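Read-outs: derived from the displayed coordinates by stated rules, not from any lab. Keep in mind the model is a prediction, meaning the values are calculated, not measured. Cβ placement follows ideal geometry from the backbone for every residue including glycine, while neighbour counts extend to all protein chains displayed.
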Amino acid sequence: MAKNQGPELTHLPEGGCCFFREVKTRRKNSVFSAKSGALFEKYAQKTAVILAVILAFPVMNANAMHIMEGFLPPGWAVAWGALCIPFVVRGFFSIKKKVSGNSKMLLLLAMCGAFAFVLSALKLPSVTGSCSHPTGVGLGAIMFGPAAMSVIGVIVLLFQAILLAHGGLTTLGANTFSMGIAGPFASYFLYRLLKKLGVKSTVSVFIAAFIGDIFTYIVTSLQLGAAFPDSGGGFFVSAAKFLGIFAFTQLPLAVAEGILTVIVYNGLKKYSSAELQALKAD
């Protein structure tokens, strides 16, 4: 009678039988888990610090966003608000016409609003009572036209004033006119002109977004110069001083905004080309 032999273990990997293989595997996994846990804890701590700093920005010098609350004399605050009304009313009808019956158009419009909200919430201290920041309105102006962006501008600035204490309710009209009306009109008409001249769309978008950003601050400088004329040189000297201070921080921000706008526009052109053609933005 043949002697009963145990099962061969030649098929097992180096390390012996199942028991030792299991021990080896668990040990290896425990080391991996420990390293992963340490890395996770390390990056979680860094993320928490970064988030804390980001969330602290609305608290630190919050009133320096756009033209701050109460900074303009009452007469100028009311005048700029009244001047914005016809543009905003026209914008409501423009939006209604372009998004009616097309949910994807509404989604694109909402995305343009979110783009403007995020970019314009990134601030650098500049002139007393105001600051430098990207505007983000060039993209929406190119796609939906300047009238629609006047409505988006009001919404963006109103949310920032209420939720982030950026800007203010008394200066809502002045900020809307510079960022939601003047900037988008400059971006839109420059983009159309460059397209007619046969300039490549990427270059047209960059220049339109760049100039729209800069023109916003030209108008802001004029607003501040009119409200606070220089004692010696009057309105023009005061506006030139404001604009000169803005230029140091705003020019690099405008370049960055132009590049980012091109990236987003190219992405939309790839995945929403039919909608861009319908909006005549391509």
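Miscellaneous remarks
- The fewest-to-most ranking of Ser100, Ser178, Ser150 by surrounding Cβ atoms within 10 Å reads Ser100, Ser178, Ser150.
- Taking the empirical scaling 2.2 N^0.38 Å for compact globular proteins as reference, region 61-278 has a Cα radius of gyration ratio of 0.98.
- Across q = 0.19 Å⁻¹, region 128-209 modelled as identical point scatterers on its alpha-carbon atoms has Debye log10 I(q)/I(0) values of -0.77, in the order of the q list.
- Translational D in µm²/s for region 224-282 (Stokes-Einstein at 4 °C, 1.567 mPa s, Kirkwood Rh from C-alpha pairs): 90 µm²/s
- 15 Å cut-off, amide nitrogen to a point 7 angstrom out along Lys104 Cα→Cβ, residues in region 255-282: 267-282
- Neighbour counting of Cβ atoms within 10 Å sorts the residues Glu275, Glu257, fewest neighbours leading, into Glu275, Glu257.
- Ranked by how many other Cβ atoms sit within 10 Å of their own Cβ, fewest first, the residues Met149, Met179, Met111 fall in the order Met111, Met179, Met149.
- Local electrostatic count, Thr135, Cβ distance below 14 Å [Lys/Arg +1, Asp/Glu -1]: -1
- Fully extending the segment from Leu83 to Met111 would add 7.4 nm, taking 0.36 nm per residue of separation and subtracting the current Cα-Cα distance.
- Remark: for residue pairs Lys200/Lys280; Lys196/Lys241; Lys97/Lys123; Lys196/Lys270, the C-alpha separation exceeds 26 Å in Lys196/Lys241; Lys97/Lys123.
- Straightening the chain between Gln277 and Ile263 buys 3.2 nm, computed as 0.36 nm per residue apart minus the Cα-Cα spacing.
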